[in-house]
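J.: Structure below; questions to follow.
The values are calculated or read from the model by the stated rules, or taken from the named source; none is laboratory data. From a predicted model like this one, the values you see are computed outputs, not experimental measurements. Backbone-built Cβ (ideal geometry, glycine too); neighbour counts: all protein chains shown.
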Amino acid sequence: MDEAAAGPGMQDAHRVPMCYRHPDRETGVRCTRCERPICPECMVSASVGFQCPECVRGGSGTGHAPTASQPRTIAGATITSDPRLLTKLLIGINLAVFLVQLSLGDSFTNHFELIGRAQYSLFGPVEGVAEGQYYRLLTAMFLHGGYTHILFNMLSLWWIGGPLEAALGRARYLALYFVSGLAGSALTYLLAEPNMPSLGASGAIFGLFGATGVLMRRLNYDLRPLVALLVINLIITFSPGFNIAWQAHIGGLVAGVAVGYAMVHAPRERRTLVQYGACAVVLAVVVVLTLVRTTQLT
């Protein structure tokens, strides 16, 4: 055999492969899944050998979806880069609405606060939830009666809401917040005098208190600081001089405990169904209480 003719073929056979993503780089390593040559920059450590970036993005290498190996919270939600994002947004919305209240005065607040059935003026129209203004059950959650009121509520929301959002995930946290707030509004509508206005985020925040207690017990944390804070808040709630709608606090607290229990104790195989099913049940109770009270007042 002619040595000159065999030379080029032998050289090609022994040539070191080039990285498929960086053709100018030689490498002796191949992806364990697709077997394409990869340079050190493209190597992603796997349980056995290395994988290329495309194979890593395409799946976990175990037959599961790529998201199956993502870290999750105790409630089953994915970990986010900013675990307090919704808490910040809720605080921002409350502060923005409060600024609108300060700018427009009582005319704005009267249109959106929670009231069962009453006239704001002697010859004015009868207004309230019983008159079909059901939106007041929701809008009252974002109104406040003064600087002290909103200051304490927003500090509580930041202190309690931030860690709870990180533990539950955004969707579950948001569901808990609104379900608790609506439960507080519904109980206030049912039990308070129809001409007694109510407003504030306290119902939702007490729901966060309740869910935090359930979560801390699930994680075997010391509950005494939370219980002490909750007792102080309840004492203030029922003190006659503060003129607080205790119904909103109790309604939110009970709803928060119920939904929070479902969030952190739901079985893994039916987690989403149990969690959002609990929210649906509490919302159904809210609807029933609202319709019962409306029937009583009309």
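J.: State which residue is modelled with the lowest pLDDT when the search covers only the range 1-17 and only residues that are of a type outside the set (A, V, I, L, M) and touching a strand residue (DSSP E or B) at 6+ places or on another chain (Cβ under 9 Å).
T.: Arg15
J.: If we scan the range 186-207, do we find a residue that is farther than 23 Å from Leu90 by Cα and hydroxyl-bearing (Ser, Thr, Tyr)?
T.: Yes, because at least one residue in the range 186-207 is farther than 23 Å from Leu90 by Cα and hydroxyl-bearing (Ser, Thr, Tyr).
J.: Of the residues that sit in the range 234-245 and are surrounded by fewer than 18 Cβ atoms within 10 Å (Cβ to Cβ) and assigned to a helix (DSSP H, G or I), which one is modelled with the lowest pLDDT?
T.: Selected residue: Gly241.
J.: While we're looking at this one, here's another question. Can you pull out every residue in the range 131-145 that is touching a strand residue (DSSP E or B) at 6+ places or on another chain (Cβ under 9 Å) and farther than 15 Å from Ala201 by Cβ?
T.: Hit for the range 131-145 is Gln133, nothing else.
J.: Considering only residues that are crowded, with 19+ Cβ neighbours inside 10 Å and closer than 24 Å to Asn243 by Cβ, which ones fall in the range 154-175?
T.: Within the range 154-175, Met154, Leu157, Ile160 meet the criteria.
J.: Check Val231, Val286, Val257 and return the single one that is under 19 Å from Tyr189 (Cβ atoms) and of a type in the set (Val, Ile, Thr).
T.: Val286
J.: Among the residues of the range 225-240, is there at least one that is of a type in the set (Gly, Ala, Ser) and farther than 14 Å from Leu182 by Cβ?
T.: Within the range 225-240, one or more residues are of a type in the set (Gly, Ala, Ser) and farther than 14 Å from Leu182 by Cβ.
J.: Now for a different question. Which of (1) surrounded by 24 or more Cβ atoms within 10 Å (Cβ to Cβ); (2) not in a helix (DSSP H, G or I) is the odd one out, the single condition Gly207 does not satisfy?
T.: The one condition Gly207 does not meet is (2).
J.: Can you name the residue in the range 141-176 that is without any contact (Cβ under 8 Å) to a residue 12 or more places away in the chain and assigned to a helix (DSSP H, G or I) and is also nearest to Ala77 (Cα to Cα) among such residues?
T.: Here the answer is Trp159.
J.: Considering Val179, Val227, which residue is farther than 28 Å from Thr78 by Cβ, assigned to a helix (DSSP H, G or I) and not charged (D, E, K, R)?
T.: None of the other options fit; the residue is Val227.
J.: Sticking with this one: Is it true that some residue in the range 18-39 is β-branched (Val, Ile, Thr), modelled with pLDDT of 85 or more and not in a helix (DSSP H, G or I)?
T.: yes
J.: Quick check on my filter: what residues within the range 82-123 are small (Gly, Ala, Ser) and either under 24 Å from Gly181 (Cα atoms) or not assigned by TED's automatic domain parsing to the domain that holds Leu190 (or both)?
T.: Scanning the range 82-123 gives Gly92, Ala96, Gly105, Ser107, Gly116, Ala118.
J.: Within the range 70-90, is even one residue loosely packed, with under 11 Cβ neighbours inside 10 Å, at pLDDT below 90 and not in a loop (DSSP other than H, G, I, E, B)?
T.: No, the range 70-90 contains no residue that is loosely packed, with under 11 Cβ neighbours inside 10 Å, at pLDDT below 90 and not in a loop (DSSP other than H, G, I, E, B).
J.: Just give me the residues in the range 176-197 being under 19 Å from Gln133 (Cα atoms) and either crowded, with 24+ Cβ neighbours inside 10 Å or within 21 Å of the chain's Cα centre (by Cα) (or both), in sequence order.
T.: If the condition is that a residue be under 19 Å from Gln133 (Cα atoms) and either crowded, with 24+ Cβ neighbours inside 10 Å or within 21 Å of the chain's Cα centre (by Cα) (or both), then Phe178, Val179, Gly181, Leu182, Ala183, Gly184, Ser185, Ala186, Leu187, Thr188, Tyr189 are the ones that fit.
J.: Same structure again: Checking Asn220 against (1) under 24 Å from Pro163 (Cα atoms); (2) buried (at least 22 other Cβ atoms within 10 Å of the Cβ): exactly one of these is not met. Which one?
T.: Just one mismatch for Asn220, condition (2).
J.: In the range 104-116, is there at least one residue being in a loop (DSSP other than H, G, I, E, B), in contact (Cβ under 8 Å) with a residue 40 or more places away in the chain and either more than 23 Å from Thr290 (Cβ to Cβ) or in contact with a strand residue (DSSP E or B) (Cβ under 6 Å, 6 or more places away or on another chain) (or both)?
T.: Scanning the range 104-116 turns up no residue that is in a loop (DSSP other than H, G, I, E, B), in contact (Cβ under 8 Å) with a residue 40 or more places away in the chain and either more than 23 Å from Thr290 (Cβ to Cβ) or in contact with a strand residue (DSSP E or B) (Cβ under 6 Å, 6 or more places away or on another chain) (or both).
J.: Looking at Leu273, Leu291, which one is closer than 30 Å to Asn195 by Cα and either touching a residue at least 40 places away in the same chain (Cβ under 8 Å) or assigned to a helix (DSSP H, G or I) (or both)?
T.: Within the list Leu273, Leu291, the selection yields Leu291.
J.: Look through the range 259-287, keep the residues that are under 18 Å from the mean Cα position of the chain (by Cα) and small (Gly, Ala, Ser), and return whichever of them is nearest to Tyr135 (Cα to Cα).
T.: Ala280
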